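The values are calculated or read from the model by the stated rules, or taken from the named source; none is laboratory data. From a predicted model like this one, the values you see are computed outputs, not experimental measurements. So basically every Cβ, Gly included, is an ideal-geometry build from the backbone, and we count neighbours across all protein chains shown. Side chains included, ligands, DNA and RNA excluded: accessible areas come from the protein's heavy atoms. Shrake-Rupley method; radii C 1.70, N 1.55, O 1.52, S 1.80 Å.
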Amino acid sequence: MSTTDPLLSTDSFTEKVVFVAGGTSGINLAITERFASLGAKVFVISRSQDKVDRAVEALSAVTPMAAGMAADVRDYDAVAQAVATCREQMGSIDVLVSGAAGNFVSDAASLSPNGFRTVIDIDLVGTFNVCRAAFEHLTKPGASIINISATQAINPMPGQVHVCAAKAGIDALTKVLAIEWGPMGVRVNAIAPGPVDGTEGMARLTPTPAHRERVLSAIPLRRYARLDEIANTAAFLSSPAGANFNGAVLVCDGGQSVLGSGAFAAAWAAA
Ligand code: NAP
Ligand code: COA
């Protein structure tokens with residue numbers, strides 16, 4: 001996007017601090033890179049120190065202020081330490097993105113209770129931990145929280161009972177926080193992507209070319225989302241142009257969810 005863009009320019013987020021949970025790969029890293037390209041200072045966390053180091057190195061090519069630390073979003077104390085470190089190093093947090101997640105395909109009858117709990121813990125409890133721990137460090141008024149949901153929240157999908165439940169919980173959590181924190185000047189929204197090209201998530205959900213082709217046939221636009229489309233949605237929501245969004249779940253899926261889960265599930269099952 002050029003510097004003449006009416007909504008976003010290379011200094012739209014200058015001096016702003018963006019904290020991204022799960023920001024070391026895929027969609028969340030693309031979101032972090034987008035904010036960095038718009039002038040922000042960025043701080044990422046995920047479990048693997050190696051992934052944090054690689055992400056910080058890549059982000060440092062875009063912004064002079066990139067840092068991170070290893071933290072598991074299931075561990076509240078580790079998340080609290082990370083947001084406090086970000087605050088110390090960069091100042092109060094203007095944009096908080098919570099996108100750490102886990103996914104695998106398993107039908108409910110085969111899924112162990114620990115398998116179900118693991119995804120709920122990472123996605124839903126993790127999102128609560130990130131929002132709760134960051135709250136005291138957010139810029140008020142003016143902060144923007146973006147939780148990363150998925151179309152599984154609204155499209156029940158076989159093989160995804162754990163993810164559907166976790167992401168539906170994230171949508172509900174987003175709306176409650178929007179009501180509670182809106183009056184304090186903190187906007188809370190979610191982005192629900194459909195299939196996004198070149199991601200770990202889609203590698204797991206569409207493991208063969210046949211899966212991919214069938215899933216494409218159930219998306220009205222007949223294509224997956226691009227990483228930059230999700231990243232730009234996050235930047236828009238957090239910019240002055242998105243300033244009246246609060247409690248929204250922005251679905252970015254090429255129209256997949258308009259058809260409902262039936263077409264998508266049938267396509268997946270037939271592949
Ligand atoms: P990804 O590359 O695997 O990203 C997941 C990130 O979360 C990684 O940085 C990972 O790093 C981190 N993470 C995982 N477990 C964690 C934990 N317990 N604590 C802290 N960090 C953790 O996957 P992706 O496909 O880009 O998905 C990113 C987000 O988009 C997820 O919220 C996903 O549900 C959502 N989404 C994806 C799609 C899609 O098409 N891919 C569609 C809809 C929604 P570590 O391994 O270092 O922890
Ligand atoms: N099918 C069924 N159950 C599975 C599974 C699969 N493919 N993968 C893991 N599980 C179960 C395990 O068997 C275990 O349950 P058990 O103790 O009853 O055997 C439970 O889930 C936890 O597994 P574990 O490997 O200990 O979890 P972890 O915390 O190390 O890893 C995952 C979390 C499982 C979500 C892992 O896939 C991960 O780290 N994912 C992050 C990346 C990702 O998923 N990206 C896409 C985001 S959309």
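Between Arg226, Arg222, the distinction of being over 20 Å from the mean Cα position of the chain (by Cα) and among the charged types (D, E, K, R) belongs to Arg222 only. Of everything listed in (1) closer than 24 Å to Thr14 by Cβ; (2) open to solvent by less than 40 Å² (accessible area, probe 1.4 Å); (3) in contact with a Gly (Cβ under 7 Å, 6 or more places away or on another chain), the single unmet condition for Val73 is (1).
Looking across segment 197-246 at every residue that is within 13 Å of ligand 2 (Cβ to nearest atom) and open to solvent by 70 Å² or more (accessible area, probe 1.4 Å), the one that is farthest from Pro158 (Cα to Cα) is identified as Gly198.
So which residues in segment 249-266 are in contact with a Leu (Cβ under 8 Å, 6 or more places away or on another chain) and either surrounded by fewer than 18 Cβ atoms within 10 Å (Cβ to Cβ) or farther than 21 Å from Ile146 by Cα (or both), if there are any at all? Residue satisfying the conditions is Gly255 alone.
Filtering segment 20-43 for residues that are aliphatic (A, V, I, L, M), over 27 Å from Pro240 (Cβ atoms), open to solvent by less than 40 Å² (accessible area, probe 1.4 Å) and within 9 Å of ligand 1 (Cβ to nearest atom) leaves an empty set.
Where in segment 170-271 are there helices (runs of 4 or more DSSP H), lying wholly inside it, with at least 2 residues that are closer than 20 Å to Gln160 by Cβ and in contact (Cβ under 8 Å) with a residue 40 or more places away in the chain?
Details: elements: 200-205, 209-217, 227-238, 261-270.
Of the helices (runs of 4 or more DSSP H) lying wholly inside segment 170-271, those with at least 2 residues that are closer than 20 Å to Gln160 by Cβ and in contact (Cβ under 8 Å) with a residue 40 or more places away in the chain span 200-205, 209-217, 261-270.
Scanning for something part of a loop (DSSP other than H, G, I, E, B), open to solvent by 40 Å² or more (accessible area, probe 1.4 Å) and within 16 Å of ligand 1 (Cβ to nearest atom), does segment 144-157 turn up at least one residue? Yes; the residues of segment 144-157 include at least one that is part of a loop (DSSP other than H, G, I, E, B), open to solvent by 40 Å² or more (accessible area, probe 1.4 Å) and within 16 Å of ligand 1 (Cβ to nearest atom). For segment 161-170, the criterion of being open to solvent by less than 20 Å² (accessible area, probe 1.4 Å) and under 21 Å from Ala84 (Cβ atoms) is met by no residue.
Within segment 152-161, is even one residue under 13 Å from the mean Cα position of the chain (by Cα) and either farther than 28 Å from Leu221 by Cα or within 11 Å of ligand 2 (Cβ to nearest atom) (or both)?
No, every residue in segment 152-161 fails to be under 13 Å from the mean Cα position of the chain (by Cα) and either farther than 28 Å from Leu221 by Cα or within 11 Å of ligand 2 (Cβ to nearest atom) (or both).
Within segment 44-61, the only residue that satisfies the criterion of being of a type in the set (A, V, I, L, M), within 13 Å of ligand 1 (Cβ to nearest atom) and surrounded by fewer than 18 Cβ atoms within 10 Å (Cβ to Cβ) is Ala58.
So which pairs qualify, if the first residue must be in segment 106-118 and more than 22 Å from Asp75 (Cα to Cα), the second must be in a loop (DSSP other than H, G, I, E, B), the Cβ gap must be under 7 Å, and the two must be at least 6 apart or on different chains? Short answer, once both residue conditions are applied: Ser106/Gly159; Asp107/Pro158; Asp107/Gly159. Selection over segment 103-136 of residues that are in a loop (DSSP other than H, G, I, E, B) and not hydrophobic (A, V, I, L, M, F, W, C) gives a count of 5.
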